[in-house]
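**Q** Sharing a structure with you now.
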Amino acid sequence: MIRTAFRYRVSLLSALALSSLGSAFAASAALDALSSRDAAGGLRAALSKGIDVAVVQLGTNNGFLNDSKVAIPLPSALEKAERALSRIGMGGQGDELKATMNHAAEKAVAQAKPVFKQALQHMTVSDAKGILSGGDDAGTQYFRRATSAQLTGKFKPIVAAETAKLGLTAKYNEYAGKAAQLGLLSSQDANLNDYVTAKALDGLFSRIADEEREIRKDPLGQASSLIKKVFGTL
């Protein structure tokens with residue numbers, strides 16, 4: 001009886017493994033049937049759509065601030081300081097600083113679309129099929145790894161220009177100075193423009209990844225016939 005049950009389990013596991021392997025081969029065959037041009041074109045179309053959606057969502061007024069998933073908080077040290085300052089009636093400055101940081105990010109994102117579109121074109125045809133058969137956000141992750149340094153270099157001046165217009169540096173220095181006088185914050189802290197740039201890019205890539213997941217989940221619901229064709233084979 002025990003041996004029979006064991007054989008049954010082994011047979012069931014073998015059947016499941018073969019089924020999974022068969023599905024993988026079928027997906028691979030379907031991808032192989034696509035032309036390299038279609039595979040790359042479909043992937044670029046999907047990521048391009050993700051960029052468009054992300055910029056529209058985040059590049060509008062309060063695009064960051066009103067979205068809890070991507071809203072930029074104060075640096076952790078200042079977050080602790082803010083709670084203490086609130087108790088002595090100075091918390092409003094922390095709220096103002098957070099609002100200014102997030103508005104700086106949204107204005108930078110609104111100007112960044114051409115930079116992302118140009119970077120997207122650097123994706124090679126040979127990369128496309130591997131990305132298509134990867135995880136739900138494989139395209140976004142590849143895009144981020146391949147271009148993050150370049151995008152940061154181009155994005156940071158936009159953030160810096162916006163924070164300068166909004167007086168963010170002065171606000172930050174004033175707030176941090178008061179916190180330091182109270183012994184709540186070290187006199188040395190990370191560069192604020194670096195911080196805002198990194199958080200803004202995190203939010204932007206997060207939105208692109210969300211859109212990529214939706215496309216993979218429902219390729220036939222997309223308007224683009226090329227996206228339907230390419231992602232419908234997965």
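The values are calculated or read from the model by the stated rules, or taken from the named source; none is laboratory data. This one's a predicted model, so the numbers in the text were calculated from it and none came from an experiment. Please note: Cβ atoms are built from the backbone with ideal geometry, for glycine as well, and neighbour counts cover all protein chains shown. Side chains are part of the model used for accessible areas, which takes the heavy atoms of the whole protein and leaves out ligands, DNA and RNA. Shrake-Rupley method; radii C 1.70, N 1.55, O 1.52, S 1.80 Å.
For (1) closer than 19 Å to residue 99 by Cβ; (2) out of contact with any Asp or Glu (no Cβ under 7 Å at 6 or more places or on another chain), each residue gets a yes or a no:
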residue	(1), (2)
171	yes, no
196	yes, yes
207	no, yes
214	no, yes
221	no, yes
225	no, yes
229	no, no
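**Q** Limited to region 37-65, what total is found for residues that are assigned to a loop (DSSP other than H, G, I, E, B) and farther than 15 Å from residue 97 by Cα?
**A** Final tally of qualifying residues: 4.
**Q** Right, something else. Tell me, yes or no, whether region 140-163 has at least one residue that is β-branched (Val, Ile, Thr) and either outside any helix (DSSP H, G or I) or in contact with a His (Cβ under 9 Å, 6 or more places away or on another chain) (or both).
**A** yes
**Q** Go through the residues of region 148-167 one by one and say whether even a single one is touching a Gly at 6+ places or on another chain (Cβ under 9 Å), buried (at least 16 other Cβ atoms within 10 Å of the Cβ), farther than 13 Å from residue 47 by Cα and of a type outside the set (Lys, Arg).
**A** For region 148-167, residues touching a Gly at 6+ places or on another chain (Cβ under 9 Å), buried (at least 16 other Cβ atoms within 10 Å of the Cβ), farther than 13 Å from residue 47 by Cα and of a type outside the set (Lys, Arg): absent.
**Q** If I filter region 67-99 down to residues being among the polar types (S, T, N, Q) and out of contact with any helix residue (DSSP H, G or I) (no Cβ under 9 Å at 6 or more places or on another chain), which single residue comes out as modelled with the highest pLDDT?
**A** 68
**Q** Separate question: With the requirement that a residue be open to solvent by 40 Å² or more (accessible area, probe 1.4 Å) and over 14 Å from the mean Cα position of the chain (by Cα), what does region 40-49 give you?
**A** Selection gives 44 alone.
**Q** When you scan region 116-139, do you find a residue that is closer than 24 Å to residue 186 by Cα, crowded, with 17+ Cβ neighbours inside 10 Å and over 17 Å from the mean Cα position of the chain (by Cα), even just one?
**A** Checked against the condition, which is being closer than 24 Å to residue 186 by Cα, crowded, with 17+ Cβ neighbours inside 10 Å and over 17 Å from the mean Cα position of the chain (by Cα), region 116-139 yields no hits at all.
**Q** Mind checking which residues of region 78-111 are under 27 Å from the mean Cα position of the chain (by Cα), under 17 Å from residue 182 (Cβ atoms) and open to solvent by 50 Å² or more (accessible area, probe 1.4 Å)?
**A** Matches in region 78-111: 80 only.
**Q** Filtering region 50-77 down to residues that are touching a Gly at 6+ places or on another chain (Cβ under 7 Å) and of a type outside the set (Val, Ile, Thr), which residue is surrounded by the most Cβ atoms within 10 Å (Cβ to Cβ)?
**A** 64
**Q** If you scan region 167-191, which residues turn out to be part of a helix (DSSP H, G or I) and in contact (Cβ under 8 Å) with a residue 60 or more places away in the chain?
**A** Answer for region 167-191, where residues must be part of a helix (DSSP H, G or I) and in contact (Cβ under 8 Å) with a residue 60 or more places away in the chain: 168, 171, 172, 174, 175, 176, 178, 179.
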